[in-house]
Structure formats: C-alpha cells, structure tokens
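Asker: Okay, handing you the structure first.
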Amino acid sequence: MSDCPCRSPQTPLEWDYYYDLRWRVLREPWGQPRGSERDDEEDQAYHVAVFTEESVIAVGRLHPISSSVGQIRYMAVSPDHLKQGLGSKILAHLEAKARERELNQVELDARETALAFYTKHGYFVSGISPTKWGIPHRRMRKPV
Ligand SMILES: CC(C)(COP(=O)(O)OP(=O)(O)OC[C@H]1O[C@@H](n2cnc3c(N)ncnc32)[C@H](O)[C@@H]1OP(=O)(O)O)[C@@H](O)C(=O)NCCC(=O)NCCS
C-alpha cells in the first residue's frame, strides 16, 4: 500500500509501546496523566506504528467521522527519530488507508508547531480548533 515501515500493533506489549509513545510525545510534556493519550474511538480506529526491537518510534491513527471523511489523530515521532521521514511515511500510509476505505477527505487538528509539516503534505487550514493545554490548534483538511 505504501513504503511505510509501519504496521498495526498486535500483542499486548506492542499496544503498550504504542500508547506509551503517544503519551510521551503528546501528553507528558504538558503534565497530562497516562490514559489521557486515549479516547473513545480506539476500537473503531486504524492504528499504525514503526517498531524497533524494543520500542515504538512513530505512530498515527485514522478513524472515520462520516461516510466520506476520515480524521487523523495522534501523529507522533520519538524525539530521537524526528526529521527522518517517518512522520511523512505514516501520514501517506494513513491517507492511502482512507482511500482504500473509500473516504475522500481527511481532516486533522494540527498543533501550530506542526502546521508547516502538514502544509508540506497538501493540507490546508479550514478552521480553528479548540486550544488544548495552551497549544493552539488549526483544523486542516486534504482531499485524498
Ligand atoms: C509532526 C511530526 C509527526 C513530523 O514527523 P517527522 O518524522 O519529524 O517528519 P518528516 O521527517 O517526515 O518531515 C517531513 C518534512 O516536514 C518537515 N517538518 C517535520 N516536522 C516539522 C515541523 N514541526 N515544523 C516544520 N517542518 C517540519 C521536515 O523538515 C521535512 O521537510 P523536508 O522534506 O523539506 O526535509 C513530528 O515532528 C512530531 O512528532 N512532532 C511532535 C508531535 C506533534 O506535534 N504531532 C502532531 C500533532 S498535530
């Protein structure tokens, strides 16, 4: 489907690594407790991660929010592996999965610090999203 070196977590340990990376990158720096890195859509969502032997170094998730639109959430790359193309590969993989599921648009709530990353990948700002823990967000969309 793509050249992403990623796959869905399978074992309980792999799921632990998966959620741990989400928490460390997206929640811990803002003082949020473990558990805050999950939501009610986990069971319906498509999850991918890049694994090393003993950890996960990049993650992302897609879930449908209507018959034609998917939402990407929890994009995170470990600090030691930033800017090596992993985020781009996960994003392209999730977009391909959206097409495979006959969705024609993907949306996400981008942190302002990640706007340039998503813009580079063809997303455009379609609105403002709620500020979370003091981090301004923008709603972004892309036809896929
Ligand atoms: C956003 C994130 C997932 C990008 O992952 P990544 O693996 O570092 O990105 P890539 O290596 O695929 O980068 C692709 C391009 O985007 C650029 N880029 C990556 N992160 C960027 C950022 N934060 N700001 C500006 N440009 C960025 C890279 O320089 C690269 O550009 P190039 O192709 O011209 O060299 C990663 O920075 C991250 O986990 N950030 C912290 C968590 C976060 O903000 N997640 C998104 C929540 S909305």
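Please treat every number below as a calculation from the coordinates, not as lab data. Just so you know, these numbers come straight off a predicted model, no measurement behind them. Here the Cβ positions follow ideal geometry from the backbone for every residue, glycine too, while neighbour counts run over all protein chains shown.
Asker: Assuming a strict under-18 Å limit between Cα atoms, what lysine pair count do you get for the chain once near-sequence pairs (fewer than 8 apart, same chain) are dropped?
Answerer: Here the count comes out as 6.
Asker: Same structure again: Could you work out the helix-only [θ] at 222 nm for the chain, with each DSSP H run of four or more residues adding -39,500 (n - 2.57) and the total divided by the number of residues, to the nearest 500 deg cm²/dmol?
Answerer: Roughly -6500 deg cm²/dmol at 222 nm, from the helical runs in the chain.
Asker: Along the Cα-to-C-beta direction of I128, a point sits 7 Å from the Cα; which residues of the range 73-113 have their amide N less than 14 Å from that point?
Answerer: Residues 112 fall inside that zone.
Asker: Can you grab the distance from the C-alpha centre of the range 77-144 to the C-alpha centre of the range 6-56, Å, no decimals?
Answerer: 17
Asker: Shifting gears a bit: Roughly how many debye, to the nearest 20, is the charge dipole of the range 12-143 about its Cα centre, given +1 on each Lys and Arg Cβ, -1 on each Asp and Glu Cβ, and no other charges?
Answerer: Computed charge dipole of the range 12-143: roughly 660 debye.
Asker: With unit charges on the beta carbons (Lys and Arg positive, Asp and Glu negative) and the dipole taken about the Cα centre of the range 12-143, which residue among V59, Q44, S126 sits farthest to the positive side?
Answerer: The residue sitting farthest along the positive end of the dipole is S126.
Asker: Tell me, what is a quarter of the convex hull surface for the C-alpha atoms of the range 73-144, in nm² with one decimal?
Answerer: 4.9
Asker: For Q105 and E54, calculate 0.36 nm times their separation in residues minus their Cα-Cα distance, and state this gained length in nm to one decimal.
Answerer: Roughly 14.9 nm would be gained on extension.
Asker: Could you identify which residue out of D16, D80, D109 has the top mean-square fluctuation in a GNM of the chain using Cα springs shorter than 10 Å?
Answerer: Highest fluctuation among the options: D80.
Asker: DSSP loop trypsin sites (Lys or Arg not before Pro) in the range 21-66 with at most 16 other Cβ atoms within 10 Å of their Cβ, which ones?
Answerer: Passing both the DSSP loop test and the Cβ count: R34, R38.
Asker: Once the Cα gyration tensor of the range 12-143 is found, what semi-axes does its equivalent ellipsoid get, as square roots of 5 times the eigenvalues, in whole Å, sorted largest first?
Answerer: 21, 18, 15
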